1. Write out, first by first residue and then by second, each pair whose Cβ atoms fall under 7 Å of each other, whose residues are 6+ apart or on separate chains, and whose first residue, in the range 711-740, is under 20 Å from R700 (Cα atoms) while the second is surrounded by 17 or more Cβ atoms within 10 Å (Cβ to Cβ) and of a type in the set (D, E, K, R).
2. Consider S426 carefully, then state whether it is of a type in the set (S, T, Y) and buried (at least 24 other Cβ atoms within 10 Å of the Cβ).
3. Please find, within the range 536-592, the residue that is surrounded by the most Cβ atoms within 10 Å (Cβ to Cβ) out of those that are in a loop (DSSP other than H, G, I, E, B) and free of Cβ contacts under 8 Å to residues at least 40 places away in the same chain.
4. Take the residues in the range 62-91 that are exposed (fewer than 10 other Cβ atoms within 10 Å of the Cβ) and not in a helix (DSSP H, G or I); name whichever of them is modelled with the lowest pLDDT.
5. Within the range 456-473, identify whether any single residue is of a type in the set (F, W, Y) and either under 30 Å from I675 (Cα atoms) or open to solvent by 60 Å² or more (accessible area, probe 1.4 Å) (or both), and answer yes or no.
6. Within the range 308-323, is even one residue within 25 Å of G459 (Cβ to Cβ), part of a helix (DSSP H, G or I), modelled with pLDDT under 90 and not aliphatic (A, V, I, L, M)?
7. Here are T190, T158, T212, T182: which of them is touching a residue at least 60 places away in the same chain (Cβ under 8 Å) and not hydrophobic (A, V, I, L, M, F, W, C)?
8. Name the pairs whose Cβ atoms lie under 9 Å apart, with the first residue in the range 322-350 and over 18 Å from Y237 (Cβ atoms), the second surrounded by fewer than 17 Cβ atoms within 10 Å (Cβ to Cβ) and of a type in the set (K, R), and 6 or more positions between them or separate chains?
Amino acid sequence: MGLSEAPGERDTQALLPTTQAMELRRRNYHVERPLLNQEQLEELGSRSSAAGTLQWRTWFRCSRARARALLLQYLPVLAWLPQYPVRDWLLGDLLSGLSVAIMQLPQGLAYALLAGLPPVFGLYSSFYPVFIYFLFGTSRHISVGTFAIMSVMVGSVTESLAPDEAFLQASNSTVDVAARDTTRVQLASTLSVLVGLFQVGLGLVHFGFVVTYLSEPLVRAYTTAASVQVFISQLKYVFGLHLSSRSGPLSLIYTVLEVCWKLPETVIGTMVTAVVAGVVLVLVKLLNDKLRRHLPMPLPGELLTLIGATGISYGVGLQHRFEVDVVGRIPAGLVPPVAPSPQLFAKLVGNAFAIAVVGFAIAISLGKIFALRHGYRVDSNQELVALGLSNLIGGIFQCFPVSCSMSRSLVQESTGGNTQVAGAISSLFILIIIVKLGELFQDLPKAVLAAVIIVNLKGMLKQFTDICSLWKANRADLLIWLVTFLATILLNLDLGLAVAVVFSLLLVVVRTQLPRYSVLGQVPDTDIYRDVAEYSEAREVPGVKVFRSSATMYFANAELYSDTLKQKCGVDVDHLITQKKKLLRKQELKLKRLQKQNKLPKQAAASKATSISINVNTSVADIESNDVEGSKAEQVSAGTELEDIAARGQEDAKAPDMSSLKALGLPQPDFHSLILDLSSLSFVDTVCLKSLKNIFRDFREIEVEVYMAACHSPVVTQLEAGHFFDSSITKQHLFASVHDAVIFALQHPRSDPINPVLATKL
């Protein structure tokens, strides 16, 4: 076949701008190749089955090189630290580590409060996991440690399993804070160990791809809903209220109603402290944005606010004079390791898995953004292992689950951080604070920590603008966003995530069940075929139907594929097949009655069974007329018809096929060939195989030959494995392209002597 410039091509050029038309004329393509079906293509290209890679053999291979490769894979610090350019990067990492540590201190204290724990445990969670990630992580720029979303998920667990009501003292109906905090710390540390085990296990089995099931709209909606939960949870510290602990579906709604109900009990001193701290933090952030180009590092607004608020609280005596809650005793030094409680695993396993997946999704998303920006690679499986070990070892040292913080990661990158040396330096600064300086913050008001949390939610709350952008860009993604947000708000964080994932996967299935089906036509003077409903110049090739689906065919949409195909072809295939079988059955019954009446020998009937000519050239309406009249007519003409049968018995080989649609008086399709464009087919299941075989069978019943085109090699391999090809359907029915199939169909029609001429023109 050939493609060259033709009169139609000149018409196309006339519609183009002058420069494009001149460029098109300079490109006078002429492609010539033989028409190829799958069998010929495999012979020409020497196709062979891909050799199966026995990956498991390499797992048990023992050599020095493999041991070194495994060591560098699971302990990446040994790969990059010996090559660390001290002169070029150390100063930047030092400043970056100091900047991150300044942010880690107030955020660690605040997010521990968010998790329902004493603030000092936020400092522990800002030290151990950060240093562990320095050894095992592959991202150079993310800042691992406490994060609002993780903290609120932990808080929902600790407050549901250890509510204040369970620790009321019988004597004065007050909460035993020490016992409550001890129980919650045990819950949080055990949860961290369980989260770490999940993450390490998933990383070792290379299950890092699980995060791909969390689409970007889902993650953004989930973090937005979580930020709303964080905001609501901090209102009790802003107004100085004592609220009931709630968990489960609709707990957020009940909390909002309770806050509104108890607003008259607001502690004015606490509210004023929170408002002043919030205003100061906002002003410092605005100043940082305005002076970003002129400052070597951002002003530590949070640290300055904490120091100022602690000094004022200590000097003025906010706790005693104005009933403002303060952090309280912060023990100096590190705590010894404590084994987790296995008895709690059954209660925590569901929440642990949800926290493990969300924490990894946030970390890998940020890690890939920075890796793409700076030109290096992040290993998702190793990231799972690194985060898992951070949480596992951190849990043993009474830390709660951590991930990475977006705000700290941006600061770590913008202040000159190049590697995780910045993270190690920040963890050392936190260690100094834990050992020596932590106890200085005992008079820090909790309202200030709440203000720090709320102000840091600004970035996530701005994600509400996604609604407008998704409305314009993609309504299906908007639906995922809204369902995720509402489910997380109404059902809490763990159930909300499960509902969001299930809904997004179901939406994918539904979208594959409702693909776009189209009949293709040839664009003039090309070998390109497009939807005739979309391209006005595309024309169907006479006698040939080309059908395509925009999605792969599998068990969920195979029936819809077959039904739409028959509808698009303009022929009621099932009705036509039914009528044909009905007429053939009437033929057979009529012959048997004639044989019985005239007592013909069975041998004569058997010799004529291959092709029997009976006067059935009548319309369908005539056949469906009164049976009584039909039987009388048969009695009158029985002898004559049998004489005709006997006379024509020796000419059966030359007689036309009386089982054809034309001979039976049934309408014939206006096409003789059907081509299935299977370019969108990505895999094959057993339902797909059966559907394709049924399509071949049904259309051949109505005298239409079926061909397939544009199958990818993996699909061909699956068709072979499913024993799809046999004596009736061979690889000669599968063509390299739609154009090849069209030309072959025109050269080999069932009945249309003009089509070979048309094939020559094509």
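The values are calculated or read from the model by the stated rules, or taken from the named source; none is laboratory data. All figures in this text were calculated on a predicted structure; none of them were measured in a lab. Ideal geometry is used to build each Cβ from the backbone, glycine not excepted, and the neighbour counts take in all protein chains shown. Side chains included, ligands, DNA and RNA excluded: accessible areas come from the protein's heavy atoms. Shrake-Rupley method; radii C 1.70, N 1.55, O 1.52, S 1.80 Å.
1. Matching pairs, first to second residue: F725/K731; V738/D677.
2. yes
3. Taking the candidates together, the pick is A538.
4. C62
5. yes
6. no
7. When all the criteria are applied, what remains is T190.
8. As it stands, the answer is A332/K436, since those pairs meet every condition given.
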